[in-house]
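What follows is calculated from the coordinates using simple rules that are stated; it is not laboratory data. Everything quoted here is computed from the prediction, not taken from an experiment. Neighbour counts run over all protein chains shown; Cβ positions are idealised from the backbone, glycine included.
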Amino acid sequence: MSDNTINLNFSWLKKGWQKLISRLADLRLAIILLLAIALFSATGTIIEQGQSVSFYQNNYPEEPAVLGFLSWQVILTLGLDHVYTTWWFVSLLVIFGSSLTACSFTRQIPTLKSARRWQYYKRPSQFEKLALSSQLSNISVDQLIPELEKHNYKIFQEGNQLYARKGIMGRIGPIVVHISMLIILMGAIWGAFTGFMAQEMVATGETFQVKNIFEAGKLSQSQVPQDWKVRVNDFWIDYTNEGAIDQFYSDLSVVDLEGNELKQETIYVNHPLRYDGVTFYQTDWGISGVKVQINNSPVFQLPMAKLNQEEGNLWGTWVPIKPDLSQGVSLLTRDLKGTLLVYDTNGKLTGVVRPGMEIQVEGVTLKVLDLIGSTGLQIKADPGIPIVYTGFGLLMVGVIMSYISHSQIWALQEGNSLYLGGKTNRAQVGLEKEFIEIVNTLEEISPQLIASST
């Protein structure tokens, strides 16, 4: 291959690369990507994530489809049941991050470099092009310096020429904003690949490991706890005076594989337990069982099942009253307050009973000793959250920095005349007031004003 061919290929690649960077740095592309990310993020909030196929079939049927097109097949095909870990959503984040990076290197960083580069004005005609300018007589550059220092300008002087600036941080602000958004994107991507969500319904007194995972990233296995468990020490509900649920609580202990307690905390809604990067939220509750005794039999525990009930929660169980299990009575309850309805073998309501009480039914004495509650926990691990929070913190700093105006002032002394001018990238009114104040102060030093223009 000849040198000319190599140079031609290299030139073609260079032009292609420059064209790609230019397209990525286009503000219109960044806006379109940001809107797409926001749209699909909202979709992931509206459509329940990580549910079973039957859930989507029941809630998003093909006929009639939601909004005329959103059926369970569309959701599963497009991955709308796990939006944040789909290849196309991650691709949007990567392209948006690439756009921010390209914009930073092609626009923001060159703008900062340009702001840091400056030159003295050597001719009076140069001041006419500035937004603010003035010509004073009998004033020297040295007399101007103290006034600029009062307004926190950084001053550079060379003989009869002067340059002063302040607010260079305002030029750095947009770059910090871009960096912070990149950090947020990296945190979101890292969390999507390494995080998981799980749900557990655990009875009081039981110890469990996280198993029921319904949403997990491809690299999340290392985040699932393997060397510790969680024990539910107790669960209880506080009720209002009207009988409605006020709050429900779970007393949890993190224990190692030998049962030694590592951490203990009582959680409730909006007050989770956090341990080793995993967070346990209080989200639901239930009734897992009831302890009963028939006549003088040993105490035994029966599970209670949640029944389908449109009017509210209802749990029930069947209590055998014959040794051969040929007959039994039913117990129903709506909450953990302790009131249970007792139905005989014919389904007729016999009476009510509370824990610690007994009732006569079908010729036997049924004693209810205790109701056993269960706590519903949502378990989440997202290693990307600290990265995202860091990005948001840096974003706020960058936004504040971006509001700082970059102001510049030049001065040139020729004979008895002092030429003064300035400009700013924002806060024009503020610079005008500052400029007039400096000029007025200098006029008081030498009242002979030759000419002034603003």
How big is the Kirkwood radius of segment 248-346, worked out from every pair of different alpha carbons and given in Å to one decimal?
16.6 Å
Please enumerate, by chain and number, the aspartates and glutamates with C-alpha under 16 Å from the C-alpha of K122, excluding those fewer than 8 residues away in the same chain.
E158, E414
Report the far tail of the P(r) of segment 375-430, meaning the percent of Cα-Cα pairs longer than 13 Å.
76 percent
In order over segment 243-256: 3J(HN,Hα) from phi, Karplus 6.51/-1.76/1.60, θ = phi - 60°, whole Hz, x for each Gly or Pro, gives x, 7, 5, 9, 6, 10, 10, 10, 9, 10, 10, 7, 10, 7
Tell me the relative contact order for segment 215-339 as a rounded percent, counting alpha carbon contacts under 8 Å between residues six or more apart.
13 percent
Backbone HN-Hα couplings from phi across segment 61-75 [Karplus 6.51/-1.76/1.60, Hz, Gly and Pro as x]
x, 6, 10, x, 6, 5, 6, x, 9, 8, 10, 5, 5, 5, 4
Exposure rule at most 16 other beta-carbon atoms within 10 Å, DSSP loop GluC sites (Glu not before Pro): the chain longest free segment:
63-205
Given contacts defined as C-alpha pairs under 8 Å and at least six residues apart, what's the relative contact order of the chain, whole-number percent?
21 percent
For L314, list long-range residues whose amide hydrogen, built 1.01 Å from N in the peptide plane, is under 5 Å from its own amide hydrogen.
L307
Based on the Cα atoms of segment 196-381, what semi-axes does the equivalent ellipsoid have, where each is the square root of 5 times one gyration tensor eigenvalue, given in whole Å with the largest first?
36, 18, 15
Which cross-chain or sequence-distant (5 or more) residues have an amide H under 5 Å from the amide H of F300, H modelled 1.01 Å from N in plane?
V292
Any lysines with Cα under 28 Å of the K348 Cα? List them, leaving off those in the same chain fewer than 8 positions away.
K291, K306, K322, K337, K367
Straight-line reach only, C-alpha to C-alpha below 18 angstrom: list the lysines that K380 could link to, leaving out same-chain residues fewer than 8 apart.
K211, K218, K229, K263
Tell me the label-point distance for the pair T345, N425, using the 7 Å Cα-to-Cβ offset, in nm and rounded to one decimal.
8.9 nm
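Given the -39500 (n - 2.57) contribution per DSSP H run of 4+ residues, what per-residue ellipticity at 222 nm results for the chain, rounded to the nearest 500 deg cm²/dmol?
-11000 deg cm²/dmol
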Segments 94-107, 366-379 sorted - mean Cβ within 10 Å per residue, highest first:
366-379, 94-107
Run the Debye formula on the Cα coordinates of segment 288-329, all scatterers equal and no solvent, and tell me log10 I(q)/I(0) at q = 0.15, 0.31, 0.35 1/Å.
-0.44, -1.11, -1.21
Cα gyration tensor of segment 3-109 - equivalent ellipsoid semi-axes, whole Å, descending
41, 16, 11
Using mean projected area of the Cα convex hull in nm² as the read-out, say which of (1) 19.4; (2) 41.4; (3) 22.7 was calculated from these coordinates.
(2)
